[in-house]
Every structure is written in structure tokens, then in C-alpha cells.
Amino acid sequence: MKLLKEGYKTVEKIAGPLLFVSKVARGGIGEIVKIESNFGEDYGQILQIVDDLCVIQVFGETMGLAPNNTVVWLERDVVKIPLGIALQGRILNGRAMPIDGEGPISCIEKWAPIQGNAINPWRRKSPHEFIETGISTIDLMNTLVKGQKLPIFTGSGLPADKLAAQIVKYARTPATSADSSPFMVVFAALGITQREASYFREAFRESGAIYRGVFFFNLAGDPSIERILTPRMALTVAEYFAFEKGYDVLVVLTDMLHYCEALREISSAREEIPGRRGFPSYMYSDLASIYERAGCISGIKGSITQIPIVTMPDDDLTHPVPDLTGYITEGQIVMDRELHGKGIYPPIDVLSSLSRLMNKGIGEGSTVPEHRALSDQLYAAYGRFKDLVRLKTIIGEEGLTPTEMSYLSFGEKFESEFVNQGERRRSLDETLEHAWNCLLTLPKDELHRLPVNLIDEVMLKRGTKA
């Protein structure tokens, strides 16, 4: 039997975005409420229930509300989002309302709760298959795999927005068979400025990426609760396209630091005991409820892959947000301030980056047989270059051997040609070509991690071309 709506005039206090309502019967956590006052109507969500006291997060402004002129109605429903194939190509705000001027969403197939359904561990399939981002340092050295969650850690002032837009524009799954799943992107920007929103909108429209994705823009001036809801709405859309329509969906979330700061703001208003740096003690499980919605399900064609972007305050990897993100996800891509200072884009520090599931999506039948060996050789050579740069500052260039000098040449070429690809997309073949260009600056007997016959074959081909 459907419960009737109930109204309460028992608002005890208003603290920031929160209402504290007493004597509430049969309220539920996550339930939607309608708030009526002299200023009109608004909506909110029940965050906490202690005995008969409800803590309600208001979606809009609380300025002007007073306990004696506010009525709270229980709606007997939870936050839901409309789902349908017509969502593709649309730009929505943090409440899933269209903001692209294209009118309301048509052909709604159903409404679904934004909390989603947990993937049954028994049916969760191991991430597999290569996703090509068009970025050499990711595709060859920190490969993204279907079903993986691979964050990008960035610092203030680094071009993370540009990198996010580039991934959205160029990411794709190579068509390995006739029954390959269609590919799409769900992009959610959290706490961005109007200028950033305009940049993303224009970048996606100019490249045509707008037609193969769904986009959520939550602005910095929007209520904190919308920042909490937006990634969950984006993932609910991703689950619909992946597990009901058979798409391989890449979800890009930027910036998760803004999400966690909104979580901290709400926690502070609730007067909860703070954890590290004021963030709530439950932030780990809260982030896990977002990140763990990535994956593949046995017997279902689609997949969800996540790239959350996280800003590190003061470039501190031990800050609670990147720290906890690293515990939940399967690796990280790290942007480097020194490379950015050299004018290198994208400024990805490969030595600090890692894709723990890389081996599941590379090799024969996925990319190329020599993928792992080539990546290992690049890592080893670039690590040696970094050591020699430090040694050179102590003993000078004159104290280095010819072999050590070749490593310095390799490192400079690796940064200027391989890492520094600019904003253009590189296919995997182009990436491999640039990798060999760098490695062949070293003596052949220094390429310990590559098969000798492979080196000879590549050198022969290049000699023939020459």
C-alpha cells in the first residue's frame, strides 16, 4: 500500500544547507522531501535519522527560511533520474535537468534511483580488453583496460581540464570483432566555473564528442548536495547504457576533490566528528560507493570504465582525497609540475604512474606481442636517465661515459617527442613508432628487456626505409 504524504511544521533549527526536523514518523534515509515556505517551494533529501529527528539537506538556498514558516512534506520517494537512449548528446546540470537549450528530455524509458545496484561479486568479471585514449604515456605505458578505475592525480594550475577533454574526444575501443560493443562517454564535471563549463562545451561540440556521450555540469555556485548527487547520476546513466544497452562506457569525473570538499561541508554542518584534515571519517566508504560502480558483469555485453580526476592540494599525494582514492582504484596517472614548466604536454610523469591491470589488456590479440617488453624497456631507460641527471649535477658532464651520455640523449628525446605529443590524438601504431625512435638512440646492448630478434627486425625495417 502506498503511503500518503505527510507534512511537518516541526523544524527545530536551520544550519547552513541543513534542516533539523523533529517528531517525524516513518521517514527514510535518502527520501525526498518538499519544503514549503513564504518564498515558495524547494526540495531536499533526508540524510540522517536519530530517533524522531531528521536531518534534511536542502537542494536550493536556505537563506530566508525560518522554523516558524517552513513546512516539510515527505514525498515517499528517493532521488531518481530519467533514462532513455535520447540522453546521448545532452548536457545536464547536477539535478539531471537539461541546460543545453535543446528542450526537455524526450522518449524517457524509465526512472531509476541514482544509488544504483551493487555488482554481485560472483558475477563481476575481471577487467579486460584495451581502451585506446590516444595518449602515448597512457596507451603504451599505463594502459587503460575495460572495467578498470584509473584516476588522474593533478596539481593546482596543471592542465587537467585539457587532458580530460582530450580523453573524452579521442578515447575509443579498437574494433576487434564484428560483435564489438559500441563505445560512449559519460562526463561529469563537479564544482566547475562558468568559464570551465564553456571550455568543455565548446571542446566537445567542435570535436563532435558531444554526439557520443552524456554530459553533466555541476557549477561551483550550485548547492553542495548537487555535487554529491552528480557523480551518482552520471554512473546511473552509465549503468543503463552499459548493462541494459550493451555499450562500453567510459566515465570521466572531474574534480573529485570538489566532491570531497562538499562532503566535508555537509559533515561539518551535521556537527560530525571530523577525521583527517576535517574530512568525514566515512569518506573512504563513500568514495568506494562511487568507484566500485565500475566493472564488467559476466554474461552482460557492456562495461563501465572510470577515470576520476583528483587535484592534490600542494601536490601532496598523501592528502586524504588522493590517498584514499589510490587505495580503492587500480593505479594512477600522475601529472608533473616540472614537465609542465618545460612546456611539455601532457605533463605525465610515467615513473610515478601505474596501471595495475595493464597486463589484462595488452599483448597478442589485444595490442602487440611486444607491448609489455617495450613498456618495461622505456621505464628502465627513463629511470636510468633520471638517475644520471642527478649524477651529472654532482660530477659534471665530463665525468659521464659515452653510454651514460646516450641515456641523457634518450631522456631528452623521450620527454620532447614521446611524452610531449600536444593535443593531437596518436594511434597505437604512432605511439610505437615514437617509442622506437627514442629507444634506438641507445646502444643495442643496453636494450636488455627487448628480444634481440625484435630489435634486429625493427632496425632492418628502418634501414630499408632509410
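The values are calculated or read from the model by the stated rules, or taken from the named source; none is laboratory data. Fair warning: this is a prediction, and the values are worked out from it, not measured in the lab. All Cβ positions, glycine included, derive from the backbone under ideal geometry; neighbour counts span all protein chains shown. SASA here: full protein model, heavy atoms, side chains in, ligands and nucleic acids out. Shrake-Rupley method; radii C 1.70, N 1.55, O 1.52, S 1.80 Å.
Over region 1-151, all Cα pairs binned in 5 Å intervals from 0 give whole-percent P(r) values of 2, 8, 13, 13, 12, 13, 13, 9, 7, 5, 4, 2, 0, listed from short to long. Rounded to whole Å, the principal axis extents of the Cα atoms in region 108-171 read 38, 27, 23, largest first.
Projecting the alpha carbon convex hull of region 137-248 along each direction and taking the average yields 8.1 nm². Among the trypsin sites (Lys or Arg not before Pro) in region 352-437, those placed in a DSSP loop whose Cβ has at most 15 other Cβ atoms within 10 Å are Arg356, Arg424.
Looking at the chain alone, DSSP beta bridges between its own residues are antiparallel in about 60 percent of cases. Surface listing: Trp73, Trp122 arranged by accessible area from highest to lowest gives Trp122, Trp73, probe 1.4 Å.
Axis of helix 256-269 versus longest Cα principal axis of the chain: the two differ by about 30°, to the nearest ten degrees. Can you tell me the alpha carbon radius of gyration of region 163-306 divided by the globular rule-of-thumb value 2.2 N^0.38 Å? Normalised Cα radius of gyration, region 163-306: 1.14. Measuring max minus min along each principal axis, the C-alpha atoms of region 6-77 give extents of 27, 21, 20 Å (largest first). Using just its DSSP H runs of length 4 or more, each adding -39500 (n - 2.57), the chain gives a mean residue ellipticity at 222 nm of -9500 deg cm²/dmol after division by all residues.
By its C-alpha gyration tensor, with a ≥ b ≥ c as the square roots of the eigenvalues, how is region 371-465 shaped: rounded for a/c under 1.5, else prolate for a/b larger than b/c, else oblate? In terms of gyration-tensor shape, oblate. If you take the alpha carbon atoms of the chain and fit the smallest convex hull around them, that volume is 172 Å³ per residue. Between helix 224-239 and the chain there is an angle of about 60 degrees, using the helix long axis and the longest principal axis of the Cα atoms. Applying 0.36 nm per residue to the separation of Leu440 and Arg277 and subtracting their alpha-carbon distance, the gain on full extension is 53.9 nm.
Checking every one of the GluC sites (Glu not before Pro) in region 24-83 against DSSP loop status and a limit of 14 other Cβ atoms within 10 Å picks out Glu61. Any chance you could give the angle, 0 to 90 degrees and rounded to 10, that helix 160-170 forms with the longest Cα principal axis of the chain? Approximately 80 degrees, to the nearest ten. Between region 29-100 and region 260-297, how many Å separate their Cα centres? Answer, in whole Å: 20.
Working from Cα pairs under 8 Å separated by at least six residues, relative contact order for the chain is 16 percent.
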